[in-house]
Amino acid sequence: MISSIIEFAERWYPNVEVVSRTTEGPIHRCTYKDMGQRARKLASSLSTLGIKNGDRVGTLAWNGYRHLELYYGVSGSGAVLHTINPRLFAEQMAYVIDHAGDEVIFTDLTFVPLLEGLQAKLKKVKHIVIMTDREHMPDTTLNNVHCYEELLDAGSSDYQWPELDENAPSSMCYTSGTTGNPKGVVYSHRSTIIHALASSAPNALGLSGLDSILLVVPQFHVNAWGVSYAAPMNGCKLVLPGPAMDGKSIHELLEQEQCTLSLAVPTIWMMLTGYLRESDKTLPHMKRVVIGGSAVPEAMIRSFEQDYDVQVIHAWGMTETSPLGTVNFLMPRVQALDYEAQMATKIKQGKTIFGIDLRIVDDQNHVLPHDGKAFGKLQTRGHWVTSGYYGEDSALDADGWFDTGDVATIDSDGYMMITDRTKDVIKSGGEWISSIELENAAVGHPEITEAAVIAIAHPKWDERPLLIAVRNGNVEKDELLIYMSDLVAKWQLPEDILFVDELPHGATGKLNKLKLREDYSEYQFPDA
Ligand code: AMP
């Protein structure tokens, strides 16, 4: 049961701190002992809002101590915590709240105006709780509004966590829905605990009571990669950045709280390393940085390791896999190589952890070899892989494999490397070109900040790659092509390169290639 995690931390790590940058402004400090008590109070007062076993409770919140209390109070009581991604479009947000059947929504102050705009569409929502104290309660047109701290004050810390079925649902999260409506993934107490145990292990995130973790990956994105559970399970100090995700604010917390480990998507680390360079700052306490959600550019690995002496842990996963699937650590055979030779392995997404199995298959579903060359559809199965989407039929094949939608290779040491999304590969003259490989090659150039590659129809080759890039200097197309020709085969080079001021991103910070494909649907190559 998820309640057993907070019970454990409360008893055995009572003085370890949870530090939060609040929406109201100041830094808030509490301990796992406080957190345990407040989570019980919250759980006991949910019944006054009519919440019963299995009911869904939504959250619209940044990373903070109240959000963490909800993780334990809601799931621990037997209800289901639905963490809503506030970056979804308004229509999609109304859709997921309705589809999940959320009866109560807990919201940070930031999202009150957003909910006011959506209120008329939220027919099933009976109460809204604003996550603040009486003093900061806003004027609002929302109906049935409660103040979080008052709700908690009315609760009882003598509350006993109920015994629940380990297979009962505990939380849910919707995929970002780049095609069609977002889809719901439901986690159970059992899958959550096993995932947290497995992700703590040395071959995975290697968590221990020595760590002070800055959790930048949002709590509304796959339970902050499960670290909302794994951190108290290991007695780690937890630092939660609230709404401030810019380089300066992140660096301030890393310094003040002496963080040893932090987790986020590459975009966040681009902002941080940009800030470090501009302001001539370093990272003296940081030992490890976990990067996932999209491929980590080689330049980022080098910068963390060589400029700041921070080890990069590249990880892969998805909402459907709780999310951890693979983690990159260097086996002795690779460690023995020199730094340059190690890089070929470091850029891979890593090795699977016990509890998850992977395979790659071709279009006819034939299993492909682990030779580092053959690439095919990546499939997975395991204890924390979803069996299907909420309200839909099973998403697994007859043998229990889940198709990830990624295309990958696996080498003879078991390192998996994503070469693309199935939808994004460029099919050029019968060969496949990896959009990710081209993007990585382009951002290796010091004057390229971000790059996206999409397929454009071509009369001779079916499809050819178009590179769309954001630059921070004067690099021109021909110079970039010469630079990239050292990194990829000539026939894979982009057919054309366009420079733009910015690229579109989706609700989880990833490049929105669907939007790019729409924007450039009329584009034609100059010589085609
Ligand atoms: P989400 O469910 O939003 O977390 O998205 C999951 C997808 O993100 C995966 O199926 C991959 O396509 C992509 N992804 C996650 N981690 C990585 C990574 N380390 N490298 C490349 N792609 C990744």
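State yes or no: is residue 460 part of a loop (DSSP other than H, G, I, E, B) and either at pLDDT below 95 or surrounded by fewer than 21 Cβ atoms within 10 Å (Cβ to Cβ) (or both)?
Yes; evaluated as a whole, the condition is true for this residue.
Listed here are the residues, each with its yes/no results for (1) assigned to a loop (DSSP other than H, G, I, E, B); (2) closer than 24 Å to residue 174 by Cβ.
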site	(1), (2)
384	yes, yes
392	yes, yes
398	yes, no
406	no, yes
412	yes, no
418	no, yes
438	no, no
451	no, no
456	no, no
Got at least one residue in the stretch 268-283 being under 23 Å from residue 340 (Cβ atoms) and β-branched (Val, Ile, Thr)? yes
Name the residues in the stretch 296-314 that are touching a helix residue (DSSP H, G or I) at 6+ places or on another chain (Cβ under 8 Å), modelled with pLDDT of 95 or more and not in a helix (DSSP H, G or I), would you? 310, 311, 312, 314
Return yes or no: is residue 198 farther than 21 Å from residue 35 by Cβ and within 16 Å of the ligand (Cβ to nearest atom)? no
For the stretch 16-131, please list each of the helices (runs of 4 or more DSSP H) lying entirely inside it that holds at least 2 residues being in the same structural domain as residue 211 (by TED's automatic domain parsing) and of a type in the set (Lys, Arg). 32-45
How many residues does the stretch 393-419 hold that are within 11 Å of the ligand (Cβ to nearest atom) and at positive phi? 1
Single unsatisfied condition, residue 306 versus (1) surrounded by fewer than 19 Cβ atoms within 10 Å (Cβ to Cβ); (2) touching a residue at least 40 places away in the same chain (Cβ under 8 Å); (3) of a type outside the set (D, E, K, R); (4) away from the ligand (no atom under 16 Å from the Cβ): (2)
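Residue-wise test of (1) within 16 Å of the ligand (Cβ to nearest atom); (2) closer than 30 Å to residue 62 by Cα; (3) more than 25 Å from the chain's Cα centre (by Cα); (4) among the hydroxyl-bearing types (Ser, Thr, Tyr).
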site: 474; (1), (2), (3), (4): no, no, yes, no
site: 478; (1), (2), (3), (4): no, no, yes, no
site: 481; (1), (2), (3), (4): no, no, yes, no
site: 487; (1), (2), (3), (4): no, no, yes, no
site: 493; (1), (2), (3), (4): no, no, yes, no
site: 502; (1), (2), (3), (4): no, yes, no, no
site: 508; (1), (2), (3), (4): yes, yes, no, yes
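The values are calculated or read from the model by the stated rules, or taken from the named source; none is laboratory data. If you're wondering where the values come from, they're calculated on a predicted model, not measured in any experiment. A quick note on method: Cβ atoms are made from the backbone with ideal geometry, for glycine too, and the neighbour counts reach across all protein chains shown.
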